[in-house]
Amino acid sequence: MDLRSRQLSERQLATTQKLIFDGLLGYQPFIFHDNLETGVGYEFEYDAEGAGLAYWPSCPQEQLDKSPELRRLIIDPKIAEDFRNANRRLRITYTRFMEMIVEKLGSLKGLSVADVGCNTGYFAQMAAQRGAAKVRAYDAVNYSPSFQLLNEILGTKVEFVHSAYEQKTATLPGAEPADLVISVAVLCHMSEPLRHLALLGSLAKKALFVWTLAVPSQPEEKLVRYRAANRYYVDAQFPHSFDLVEMSAPLLEFSLRSMGFKELHPVIWREGGITRKVDETFCGFLAIR
(Lines give C-alpha, C1' and ligand atoms only; values in the text may rest on other atoms or scores of the structure.)
Protein backbone atom coordinates (compact mmCIF):
# COMPACT_ATOMS: atom_id res chain seq x y z
CA MET A 1 0.00 0.00 0.00
CA ASP A 2 1.56 3.23 -1.16
CA LEU A 3 0.77 5.98 1.34
CA ARG A 4 2.91 8.72 -0.20
CA SER A 5 -0.12 10.52 -1.65
CA ARG A 6 -1.37 10.93 1.92
CA GLN A 7 1.56 13.25 2.58
CA LEU A 8 2.32 12.10 6.10
CA SER A 9 3.06 14.82 8.61
CA GLU A 10 6.37 15.01 10.44
CA ARG A 11 4.62 13.61 13.50
CA GLN A 12 3.19 10.68 11.54
CA LEU A 13 6.59 9.92 10.00
CA ALA A 14 8.21 10.04 13.44
CA THR A 15 5.54 7.67 14.75
CA THR A 16 6.18 5.34 11.80
CA GLN A 17 9.90 5.31 12.57
CA LYS A 18 9.24 4.57 16.24
CA LEU A 19 6.96 1.67 15.32
CA ILE A 20 9.73 0.26 13.12
CA PHE A 21 12.13 0.64 16.05
CA ASP A 22 9.61 -1.20 18.24
CA GLY A 23 9.14 -4.05 15.75
CA LEU A 24 5.49 -3.13 15.13
CA LEU A 25 5.88 -2.22 11.45
CA GLY A 26 7.89 -4.15 8.89
CA TYR A 27 6.31 -7.35 7.60
CA GLN A 28 3.58 -5.91 5.39
CA PRO A 29 4.41 -3.90 2.22
CA PHE A 30 3.76 -0.23 3.00
CA ILE A 31 5.43 2.81 1.45
CA PHE A 32 5.33 5.74 3.87
CA HIS A 33 7.82 8.04 2.14
CA ASP A 34 10.32 7.90 -0.73
CA ASN A 35 12.92 6.88 1.86
CA LEU A 36 10.78 4.80 4.19
CA GLU A 37 9.30 1.49 3.06
CA THR A 38 8.56 -1.86 4.68
CA GLY A 39 7.73 -5.38 3.54
CA VAL A 40 8.67 -9.05 3.46
CA GLY A 41 8.69 -9.31 -0.34
CA TYR A 42 12.47 -9.61 -0.66
CA GLU A 43 12.68 -12.33 1.97
CA PHE A 44 9.88 -14.22 0.20
CA GLU A 45 11.33 -13.97 -3.30
CA TYR A 46 14.99 -14.54 -2.47
CA ASP A 47 14.38 -17.11 0.29
CA ALA A 48 16.42 -14.77 2.49
CA GLU A 49 14.87 -14.76 5.94
CA GLY A 50 16.72 -12.20 8.02
CA ALA A 51 17.72 -9.96 5.09
CA GLY A 52 15.57 -7.14 6.45
CA LEU A 53 12.06 -5.72 6.40
CA ALA A 54 12.60 -1.96 6.12
CA TYR A 55 14.18 0.37 3.58
CA TRP A 56 15.29 3.36 5.63
CA PRO A 57 18.57 4.81 4.33
CA SER A 58 18.51 7.71 6.80
CA CYS A 59 18.08 5.53 9.88
CA PRO A 60 20.39 7.00 12.58
CA GLN A 61 23.54 4.92 12.95
CA GLU A 62 23.48 5.34 16.73
CA GLN A 63 20.10 3.64 16.80
CA LEU A 64 21.45 0.73 14.77
CA ASP A 65 24.47 0.45 17.06
CA LYS A 66 22.25 0.33 20.14
CA SER A 67 19.81 -2.25 18.81
CA PRO A 68 20.88 -5.56 17.22
CA GLU A 69 17.20 -6.29 16.49
CA LEU A 70 16.84 -3.06 14.55
CA ARG A 71 19.99 -3.85 12.60
CA ARG A 72 18.31 -7.09 11.52
CA LEU A 73 15.24 -5.16 10.31
CA ILE A 74 16.97 -2.48 8.22
CA ILE A 75 18.14 -3.76 4.84
CA ASP A 76 21.63 -3.47 3.40
CA PRO A 77 21.55 -0.53 0.91
CA LYS A 78 23.07 -2.86 -1.69
CA ILE A 79 19.76 -4.73 -2.03
CA ALA A 80 17.55 -1.61 -2.00
CA GLU A 81 16.40 -1.86 -5.63
CA ASP A 82 15.60 -5.57 -5.41
CA PHE A 83 13.90 -5.02 -2.03
CA ARG A 84 11.63 -2.32 -3.37
CA ASN A 85 10.79 -4.23 -6.54
CA ALA A 86 9.93 -7.38 -4.59
CA ASN A 87 7.62 -5.42 -2.30
CA ARG A 88 5.99 -3.77 -5.31
CA ARG A 89 5.18 -7.23 -6.67
CA LEU A 90 3.86 -8.30 -3.26
CA ARG A 91 1.60 -5.23 -3.12
CA ILE A 92 0.26 -6.12 -6.57
CA THR A 93 -0.46 -9.68 -5.42
CA TYR A 94 -2.21 -8.54 -2.24
CA THR A 95 -4.30 -6.01 -4.19
CA ARG A 96 -5.31 -8.76 -6.60
CA PHE A 97 -6.44 -10.91 -3.67
CA MET A 98 -8.78 -8.14 -2.58
CA GLU A 99 -9.94 -7.44 -6.14
CA MET A 100 -10.79 -11.13 -6.51
CA ILE A 101 -12.78 -11.07 -3.28
CA VAL A 102 -14.73 -7.96 -4.30
CA GLU A 103 -15.39 -9.32 -7.79
CA LYS A 104 -16.73 -12.67 -6.60
CA LEU A 105 -18.78 -11.24 -3.73
CA GLY A 106 -20.05 -8.34 -5.81
CA SER A 107 -19.21 -5.74 -3.19
CA LEU A 108 -18.00 -5.41 0.40
CA LYS A 109 -20.43 -2.59 1.15
CA GLY A 110 -22.51 -3.42 4.19
CA LEU A 111 -20.48 -6.54 5.01
CA SER A 112 -18.55 -7.33 8.18
CA VAL A 113 -14.94 -8.50 7.76
CA ALA A 114 -12.54 -10.30 10.10
CA ASP A 115 -8.78 -10.40 9.40
CA VAL A 116 -7.42 -13.22 11.57
CA GLY A 117 -3.68 -13.18 12.19
CA CYS A 118 -3.70 -9.68 10.77
CA ASN A 119 -0.20 -8.36 11.58
CA THR A 120 -0.54 -4.61 10.95
CA GLY A 121 -3.86 -5.04 9.15
CA TYR A 122 -3.05 -4.69 5.46
CA PHE A 123 -6.12 -6.65 4.36
CA ALA A 124 -8.34 -5.15 7.03
CA GLN A 125 -7.47 -1.67 5.79
CA MET A 126 -8.09 -2.64 2.16
CA ALA A 127 -11.51 -4.02 3.15
CA ALA A 128 -12.38 -0.83 5.02
CA GLN A 129 -11.33 1.31 2.05
CA ARG A 130 -13.65 -0.74 -0.15
CA GLY A 131 -16.71 -0.02 1.93
CA ALA A 132 -16.94 -2.85 4.48
CA ALA A 133 -19.36 -1.80 7.21
CA LYS A 134 -17.41 -3.28 10.12
CA VAL A 135 -13.82 -4.52 10.09
CA ARG A 136 -12.15 -6.29 13.02
CA ALA A 137 -8.57 -7.53 12.98
CA TYR A 138 -7.01 -10.05 15.38
CA ASP A 139 -3.41 -10.79 16.30
CA ALA A 140 -1.42 -12.24 19.18
CA VAL A 141 0.99 -9.28 19.01
CA ASN A 142 -0.37 -5.96 20.25
CA TYR A 143 -0.38 -3.90 17.07
CA SER A 144 -2.73 -1.28 18.52
CA PRO A 145 -0.28 1.63 17.90
CA SER A 146 0.12 0.59 14.25
CA PHE A 147 -3.66 0.46 13.76
CA GLN A 148 -4.06 3.86 15.38
CA LEU A 149 -1.52 5.31 12.95
CA LEU A 150 -2.93 3.62 9.84
CA ASN A 151 -6.54 4.51 10.72
CA GLU A 152 -5.43 8.12 11.08
CA ILE A 153 -3.54 8.16 7.77
CA LEU A 154 -6.27 6.38 5.79
CA GLY A 155 -9.34 7.81 7.52
CA THR A 156 -10.56 4.31 8.40
CA LYS A 157 -12.02 2.84 11.58
CA VAL A 158 -10.63 -0.69 11.66
CA GLU A 159 -10.97 -2.23 15.12
CA PHE A 160 -7.93 -4.12 16.38
CA VAL A 161 -8.43 -6.96 18.87
CA HIS A 162 -5.35 -8.11 20.74
CA SER A 163 -6.14 -11.81 21.01
CA ALA A 164 -3.97 -14.92 20.70
CA TYR A 165 -5.29 -18.08 19.11
CA GLU A 166 -5.18 -20.85 21.72
CA GLN A 167 -3.92 -23.98 19.99
CA LYS A 168 -4.86 -26.35 22.81
CA THR A 169 -8.52 -25.37 22.67
CA ALA A 170 -8.66 -24.13 19.05
CA THR A 171 -10.30 -20.90 20.19
CA LEU A 172 -9.76 -17.20 19.54
CA PRO A 173 -10.98 -15.23 22.56
CA GLY A 174 -13.15 -12.29 21.64
CA ALA A 175 -13.69 -13.40 18.05
CA GLU A 176 -16.99 -12.54 16.41
CA PRO A 177 -18.53 -14.12 13.30
CA ALA A 178 -18.18 -12.00 10.15
CA ASP A 179 -19.53 -12.14 6.62
CA LEU A 180 -15.99 -12.43 5.25
CA VAL A 181 -13.02 -13.94 7.09
CA ILE A 182 -9.49 -13.43 5.74
CA SER A 183 -6.45 -15.55 6.65
CA VAL A 184 -3.19 -14.84 4.81
CA ALA A 185 -0.02 -16.81 5.63
CA VAL A 186 -1.35 -17.85 9.04
CA LEU A 187 -2.26 -21.55 8.73
CA CYS A 188 1.40 -22.32 8.06
CA HIS A 189 2.21 -21.31 11.64
CA MET A 190 -0.38 -23.62 13.21
CA SER A 191 0.66 -26.97 14.67
CA GLU A 192 -2.83 -28.29 13.92
CA PRO A 193 -3.84 -26.38 10.81
CA LEU A 194 -7.11 -28.23 10.27
CA ARG A 195 -8.41 -27.22 13.70
CA HIS A 196 -7.53 -23.58 13.03
CA LEU A 197 -9.13 -23.80 9.59
CA ALA A 198 -12.28 -25.21 11.22
CA LEU A 199 -12.40 -22.18 13.53
CA LEU A 200 -12.05 -19.82 10.57
CA GLY A 201 -14.86 -21.65 8.80
CA SER A 202 -17.11 -21.40 11.87
CA LEU A 203 -16.58 -17.61 11.96
CA ALA A 204 -17.25 -17.08 8.23
CA LYS A 205 -20.95 -16.45 7.61
CA LYS A 206 -20.64 -15.84 3.88
CA ALA A 207 -17.05 -16.34 2.65
CA LEU A 208 -13.55 -17.32 3.70
CA PHE A 209 -10.32 -16.32 1.96
CA VAL A 210 -7.30 -18.49 2.83
CA TRP A 211 -3.75 -18.38 1.45
CA THR A 212 -1.05 -20.57 2.99
CA LEU A 213 2.15 -22.51 2.36
CA ALA A 214 1.54 -25.56 0.19
CA VAL A 215 3.21 -28.94 0.09
CA PRO A 216 3.66 -30.24 -3.49
CA SER A 217 1.19 -33.03 -4.17
CA GLN A 218 -0.52 -35.12 -6.73
CA PRO A 219 -4.20 -34.54 -7.42
CA GLU A 220 -6.32 -35.82 -4.52
CA GLU A 221 -3.32 -36.17 -2.16
CA LYS A 222 -4.42 -34.76 1.18
CA LEU A 223 -1.12 -33.99 2.88
CA VAL A 224 0.28 -32.02 5.80
CA ARG A 225 4.04 -31.58 6.11
CA TYR A 226 5.74 -30.35 9.28
CA ARG A 227 8.94 -28.49 8.46
CA ALA A 228 10.04 -26.69 11.62
CA ALA A 229 9.30 -26.30 15.31
CA ASN A 230 10.10 -23.77 18.04
CA ARG A 231 11.25 -21.02 15.66
CA TYR A 232 8.64 -18.52 16.81
CA TYR A 233 6.98 -20.57 19.53
CA VAL A 234 10.27 -20.90 21.38
CA ASP A 235 8.82 -22.20 24.62
CA ALA A 236 5.89 -24.16 23.20
CA GLN A 237 5.72 -27.83 24.06
CA PHE A 238 4.98 -30.70 21.69
CA PRO A 239 2.57 -31.10 19.94
CA HIS A 240 1.90 -27.34 19.81
CA SER A 241 5.46 -26.37 18.95
CA PHE A 242 5.32 -26.54 15.14
CA ASP A 243 5.45 -23.18 13.39
CA LEU A 244 6.18 -24.01 9.77
CA VAL A 245 3.52 -26.33 8.40
CA GLU A 246 2.39 -26.94 4.82
CA MET A 247 -0.92 -28.27 3.50
CA SER A 248 -1.60 -29.68 0.07
CA ALA A 249 -4.07 -27.82 -2.12
CA PRO A 250 -6.33 -30.92 -2.39
CA LEU A 251 -6.54 -31.07 1.42
CA LEU A 252 -7.38 -27.38 1.67
CA GLU A 253 -10.05 -27.73 -1.01
CA PHE A 254 -11.50 -30.85 0.63
CA SER A 255 -11.59 -29.11 4.01
CA LEU A 256 -13.39 -26.05 2.68
CA ARG A 257 -16.02 -28.18 0.95
CA SER A 258 -16.43 -30.27 4.11
CA MET A 259 -17.28 -27.08 6.02
CA GLY A 260 -20.14 -26.35 3.65
CA PHE A 261 -18.57 -23.90 1.23
CA LYS A 262 -20.19 -24.54 -2.16
CA GLU A 263 -18.26 -22.18 -4.43
CA LEU A 264 -14.44 -22.32 -4.46
CA HIS A 265 -12.25 -19.96 -6.46
CA PRO A 266 -8.53 -20.83 -6.48
CA VAL A 267 -5.87 -18.14 -6.32
CA ILE A 268 -4.19 -18.15 -9.75
CA TRP A 269 -0.72 -16.77 -10.46
CA ARG A 270 -0.63 -13.75 -12.77
CA GLU A 271 2.26 -11.88 -14.35
CA GLY A 272 3.41 -8.82 -12.46
CA GLY A 273 2.81 -10.12 -8.96
CA ILE A 274 5.15 -12.15 -6.77
CA THR A 275 7.36 -14.48 -8.77
CA ARG A 276 5.97 -17.78 -9.98
CA LYS A 277 8.57 -19.60 -7.86
CA VAL A 278 7.12 -18.05 -4.69
CA ASP A 279 3.55 -18.49 -5.85
CA GLU A 280 4.10 -22.21 -6.34
CA THR A 281 4.98 -22.58 -2.65
CA PHE A 282 1.54 -21.28 -1.65
CA CYS A 283 -2.05 -22.22 -2.34
CA GLY A 284 -5.22 -20.30 -1.69
CA PHE A 285 -8.97 -20.21 -2.21
CA LEU A 286 -11.87 -17.86 -1.84
CA ALA A 287 -14.63 -20.09 -0.51
CA ILE A 288 -18.25 -18.90 -0.66
CA ARG A 289 -21.23 -20.53 1.03
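Some observations on this one:
- Qualifying residue in region 32-49 (condition: assigned to a loop (DSSP other than H, G, I, E, B), at negative phi and out of contact with any helix residue (DSSP H, G or I) (no Cβ under 9 Å at 6 or more places or on another chain)): yes
- Residue ID - modelled with the lowest pLDDT, chosen from residues in region 136-164 that are under 20 Å from Leu200 (Cβ atoms) and over 15 Å from the mean Cα position of the chain (by Cα): Ala164
- Annotation note: of Tyr138, Tyr165, the sole residue that is within 24 Å of Gly26 (Cα to Cα), crowded, with 19+ Cβ neighbours inside 10 Å and free of Cβ contacts under 8 Å to residues at least 40 places away in the same chain is Tyr138.
- Screening region 8-23 for residues that are in a loop (DSSP other than H, G, I, E, B) and modelled with pLDDT of 95 or more and picking the one that is surrounded by the fewest Cβ atoms within 10 Å (Cβ to Cβ) gives Ser9.
- The residues on offer are Val224, Val181, and the sole one that is on the phi < 0 side of the Ramachandran plot, surrounded by fewer than 19 Cβ atoms within 10 Å (Cβ to Cβ) and at pLDDT 95 or above is Val224.
- In region 137-166, the qualifying residues are those that are among the charged types (D, E, K, R) and part of a strand (DSSP E or B), and the one that is farthest from Leu199 (Cα to Cα) is Glu159.
- When residues of region 106-135 are limited to those that are in a helix (DSSP H, G or I) and free of Cβ contacts under 8 Å to residues at least 60 places away in the same chain, the one surrounded by the fewest Cβ atoms within 10 Å (Cβ to Cβ): Gln129
- Qualifying residue in region 233-240 (condition: buried (at least 19 other Cβ atoms within 10 Å of the Cβ) and touching a residue at least 12 places away in the same chain (Cβ under 8 Å)): no
The values are calculated or read from the model by the stated rules, or taken from the named source; none is laboratory data. The structure presented is a predicted model; accordingly, all values stated were derived computationally and were not measured. Virtual Cβ from ideal backbone geometry, glycine too; neighbours counted across all protein chains shown.
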